[in-house]
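The numbers here are math on the coordinates, done by the rules we state, and not lab data. From a predicted model like this one, the values you see are computed outputs, not experimental measurements. Cβ coordinates were reconstructed from backbone atoms using ideal geometry, including for glycine residues, and neighbour counts include every protein chain displayed.
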Amino acid sequence: MPITHIPGPVVDVDITVPGDKHEELLTRARKRFAAAEEAEKDIRLEAELDLKFVCGDQWDPKVKRDRDLANRPALVFNKLQTPVQQLANQARQNKPAIRVNPVDSAADVDTAKVFQGMIRHIEYDSDADQAYDTALEYAASCSFGYWRYSKEYTSEESFDQDIKTVRVDDPFTVYLDTDARKPDRSDMMWAFVIDKMSKDCFKLRFGKEPNVLSEDFQTELAEEGWIDGEDVRIAEYWEVELKKRTLRLQRYEDGTIHPIYTDEIEGDDNGVDFVTDDDGQPQEREVQERHVTQYIINGAEVLETNPWDGKWIPIVPVWGKELIVKGKRCLFSLVRFARDPQQLHNFYKTMEAETISLAPKPKWVGAVGQFKTKKRDWQRANSDNAAYLEYDPVAVGDKIAPAPQWVTFDPPVQALNIGSLSTADDIKAATGYFDPSLGEQRGDSSGIAINRLQKQGDVSNFHFIDNLARAQKQAGRILLDLIPKTYDTAREVRIIGDDEKQRVIKVNAPYKDEDGKVKHHKLDVGRYDVTITTGPSYTTQRQEAFELLTQLAQNNPQVMQIGGDIIWENSDVPGADLLAKRWKKTLPPNLVTDENQPEVPPQVQAQLAQSQQVIQVLNGQVQKLAQLLSTQALKLESQERIATENNIARIMAAEMAGKSAEAQQAAQLDHDAVMAGLNRRAQLLDTLISIQQEMQQAEQAQQPPQPPAPQGAPATPQGAPPAGPQAAVTS
């Protein structure tokens, strides 16, 4: 892969004679590279074979050459690429995500979210998903893969730098410290990234001819592989230098205790007091700081020297299966033990095709002379669809020979077919992916059984995805270490949240957010660590949530009534966001939560609890009163009906007796009774209206307190009745 240049202070050096101050560095680099080549010789040889098999180069070169010379087929039925893609696509569906968490009291949750958002933007801006996917595919295909980090200037006119994720498209160009033991190789002290370029390209890149010094030295470099004809090996040589420093505990004037390096103490009177041990000596200890430098070398000279801000070499490995056998490190890919079954499968299928191609075609067989008259028709019998064929009757001895017979030949391919099926099963067993995982249906299995078999394939190769998550955890540490050193000034940066929405904020300087709150994200203050979560992406989760919620809404329409805004927020339909906002306005106030509403103090919460108890008592009394009034209304209505019937009876009796005066008196009494009933109903209606008003006041008392008034608003006069729930209870 091309050599990555690190922007920043570059020290150009030119070695003209042996014995220069960089000779020791070059000698050490060449020895380390030779040791790395020797230690990984077998690993890389097997990895190269694995990669060839995945790419379809699956025949032994000698066997392939012999078959080509004999004009015999050498077919390839590649069954190894599918499991590799199955594993890679499984990782794409469940991407590990970097999470940042505060560790000490100087760190805060908001700044942790800023770190996490910056990491997401770095990944988005530099297409980090391609780097992760490439590394995992190489780990599955040949047992190891890598990605790395670099820094670039924001623009040609800027001095600000951005961190970039760089895809390593050829893992065979990377050599790591052979003495590193941690799985993520965070303890490596050196590393190489090599590339080859012609001497013309070298001159164009560095502005001079390669400096070889002498023929003997040139021969030595050629033997070590630094010179190959007209090509020159160029290498990024990363080296970690440990520097000792003394760390001391000191107590400040405010009583806090913090460690500080003794070389950072200015003067004697700095307002601090050293923390001492039992012997009265300052509590201090020696620490080793890691300083990383990138050297661009060609084996004979140091072409560039680029200091690196981070404390780790910015190369992240992703391993396959790693084992130590008798002190020797071994790496295994997904296809390592499927190579032999794949070769045998190709042989069986090739022999099957060869047997079929060499099998004789079906023929007409008859006695000599039977095809003499209609010879042309018989010659074309295999290509023409003639309705009939005539033959000459021929006597053999004293008998007429039988008619010509149609003779077919079945090639012996059944055994070869059984053998190829057996090798196909061996490939599945070696890769851990069986028929359900490969999309092949089994009619004799239930859906639950098929799902379990699919999970079995995922579990058998989960260590590849787990190794990717471990690599991303180290990547998160590298980024957490680099971000404060790269974004070390007050500047605006773009962050991406969990919902994949982008926004611009300011770091290392105070600013006001959208709600008017003052925030100050100091990236170089506090300690943070990294955790990894694995699961579907936000887009996939939102689509799954939309499908589930719509199914629930179809079965229960009430879900749509109370949560329609949430359903539309998870939809990808154009205009869904606008529809969600409009839907939210139609919801009852008690279902709408205001994210900007201030937290209710404990005292107010206690007052709300008391108010709710009083309201419950009042509601019970109001319900009893309403029932009593309803009963009284029924009684009055019954009494009025009885009185009206009696008056009607008296009127009819008076009319029959001819006593018109009594009839008029009875009608007047009936009119008075009706009017009295109407008055009583009006009084009952007024009572019910007052009860309804009391219930509305009780419901208003349950509402949360309003946010505090802005500065400059008139304060509540002393002695004025309190507002809110308590006032409602008092009323």
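Here the simple spin-label model places points 7 Å from the Cα toward Cβ, and for Gln414 and Arg376 these points are separated by 4.3 nm.
Over 25 Å apart at the Cα level, from the set Lys311/Lys522; Lys31/Lys62; Lys113/Lys485, are Lys31/Lys62.
Cα centroid separation, the stretch 326-354 to the stretch 147-216: 34 Å.
As a calculated quantity, the FRET efficiency between Asp273 and Thr534 at R0 = 60 Å, using C-beta atoms, amounts to about 0.80.
The order of the peptides 67-78, 323-334, 399-410, 298-309 by mean Cβ neighbours within 10 Å, most packed first, is 298-309, 323-334, 67-78, 399-410. The protection proxy used here, the mean number of other Cβ atoms lying within 10 Å of each residue, ranks peptides 502-515, 32-45, 337-350 as follows, highest first: 337-350, 32-45, 502-515.
One decimal place: the segment Leu247-Asp187 gains 19.4 nm when fully extended, by the rule 0.36 nm per residue minus the C-alpha distance. In sequence order, the stretch 493-507 has phi-based couplings of 10, 9, 10, 10, x, 4, 8, 6, 8, 9, 8, 10, 10, 10, 10 Hz under the Karplus curve 6.51 cos²θ - 1.76 cosθ + 1.60, θ = phi - 60°, and Gly or Pro positions carry x.
Proximity of backbone amide H atoms, modeled 1.01 Å from N, is registered between Val316 and Trp147, Arg148 at under 5 Å, excluding neighbours fewer than 5 places apart on the same chain. Between Glu547 and Cys330, the modelled labels are 4.2 nm apart [label points 7 Å from Cα along Cα→Cβ]. Taking a straight Cα-Cα cut-off under 27 Å and skipping sequence neighbours fewer than 8 places away in the same chain, the lysines within cross-link reach of Lys363 are Lys349, Lys372, Lys374, Lys375, Lys399.
Ranked highest first by the average count of other Cβ atoms within 10 Å around their residues, in what order do 102-113, 417-428 fall?
Numbers: 102-113: 14.6, 417-428: 16.3.
Going by the mean number of other Cβ atoms within 10 Å, highest first, we get 417-428, 102-113.
Modelled spin-label separation between Leu628 and Gln561, with each label point placed 7 Å from Cα along the Cα-to-Cβ direction: 3.4 nm.
FRET efficiency for Leu421 and Glu38, Cβ-Cβ distance as r, R0 = 60 Å, nearest 0.05? Here the calculated transfer efficiency is 0.90. Given a Förster radius of 56 Å and the C-beta distance between Trp406 and Gln93 as r, what FRET efficiency does 1/(1 + (r/R0)^6) yield to the nearest 0.05? In this case the efficiency is close to 0.50.
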